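Okay, structure first, notes after.
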Amino acid sequence: MTVASDAPLLFFDSGVGGLSILAPAQAALPTAPIVYAADSAGFPYGTKSEAEIAARVPALLGRLVERYRPRLAVIACNTASTIALSAVRAALDIPVVGTVPAIKPAALLSKSRIFGVLGTDATVRQPYVDRLTAEYGADCTVLRHGSAALVQLAETKLRNGPLDPAVARDALAGLLDQPGGDRMDTVVLACTHFPLVEPELAAASPHPLRFVHGGEGIARRISYLTQGQAWPLEPPIGTAVFTRLDDGVDALRPALAGYGLQRLEAL
């Protein structure tokens, strides 16, 4: 099937976290047309029930695909991916790339064989995380902690708001204070919001930690799935679409513009 050169890549998240997935994809495919969709009316996902997310995400992606006709969709949200990825793939007739916790690379990198998984409450309790841990980290101690406050910190940072250093400190303490936490050397950022506050996490850590997430791997996957397809010669103006437009969205305009997302729309 021939794909039109102006067919966009669609990135979907509850908020701004997916920008950490968008950035490496833009580096790999610099002229790709981009539609970035944030479910601002449903934010945050990490404190919602599995049933709510399983109902909400496939319906929203269906509407987005109908409107924007993307060549590929990326669920740039760990919580939505671990709960709704298979349902979305079943509902859509385009390739769908999910975001899963980077447990495999963490297990390969950890020298102490103790690493942490820092995500939302919803992600860290998923059986999917259990399966990844059993498959790739069976010889490791894997500590888990969920932080809703860290999600909000990333949202505040992109709105240029005041950042409370205690938020990053408390999130890391949720891992470091567990048995074996003092020997933890690697942390999986299992929420796409968290790479946006990696400098704050690094500054809050009492000893050096390696932070890993899936952005580069997803960029490689997008490149692979779209190889041979036509792209525009110049990067077009990107679109950011929100399920609710409000003052909070307006405050994001400068940050979004940094990713080429200069057109704002409501779904």
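The values are calculated or read from the model by the stated rules, or taken from the named source; none is laboratory data. Please read all numbers here as calculations on a predicted model, not as lab measurements. With ideal geometry, Cβ positions are generated from the backbone for all residues, glycine too; neighbour counts draw on all protein chains shown. Note: areas computed on protein heavy atoms with side chains; ligands, DNA, RNA excluded. Shrake-Rupley method; radii C 1.70, N 1.55, O 1.52, S 1.80 Å.
I need a count of the residues in the range 88-134 that are farther than 30 Å from Glu66 by Cα, assigned to a loop (DSSP other than H, G, I, E, B) and under 14 Å from the mean Cα position of the chain (by Cα).
1
Any residue at all in the range 227-246 that's crowded, with 20+ Cβ neighbours inside 10 Å, assigned to a helix (DSSP H, G or I) and in contact (Cβ under 8 Å) with a residue 24 or more places away in the chain?
Within the range 227-246 (the criterion being crowded, with 20+ Cβ neighbours inside 10 Å, assigned to a helix (DSSP H, G or I) and in contact (Cβ under 8 Å) with a residue 24 or more places away in the chain), the answer is no, since none of the residues qualifies.
When you look at Thr226, is it among the hydroxyl-bearing types (Ser, Thr, Tyr) and closer than 13 Å to Leu118 by Cα, yes or no?
Criteria not met by Thr226.
Looking only at residues that are over 25 Å from Ser86 (Cβ atoms) and touching a His at 6+ places or on another chain (Cβ under 6 Å) in the range 122-178, which one is surrounded by the most Cβ atoms within 10 Å (Cβ to Cβ)?
Ala154
From Val100, Val117, Val129, Val124, grab the single residue that is at pLDDT 95 or above and either under 29 Å from Leu10 (Cα atoms) or among the charged types (D, E, K, R) (or both).
Result of the check over Val100, Val117, Val129, Val124: Val117.
How many residues are open to solvent by 50 Å² or more (accessible area, probe 1.4 Å) and either in a loop (DSSP other than H, G, I, E, B) or within 21 Å of Leu225 (Cα to Cα) (or both) if we restrict to the range 45-64?
1
Among the residues of the range 135-154, write down those that are touching a Phe, Trp or Tyr at 6+ places or on another chain (Cβ under 8 Å), closer than 15 Å to Leu175 by Cβ and part of a helix (DSSP H, G or I).
Selection gives Leu150 alone.
Considering each of Tyr224, Tyr259 in turn, give the residue that is closer than 30 Å to Leu109 by Cβ, modelled with pLDDT of 95 or more, open to solvent by 20 Å² or more (accessible area, probe 1.4 Å) and assigned to a loop (DSSP other than H, G, I, E, B).
Tyr259
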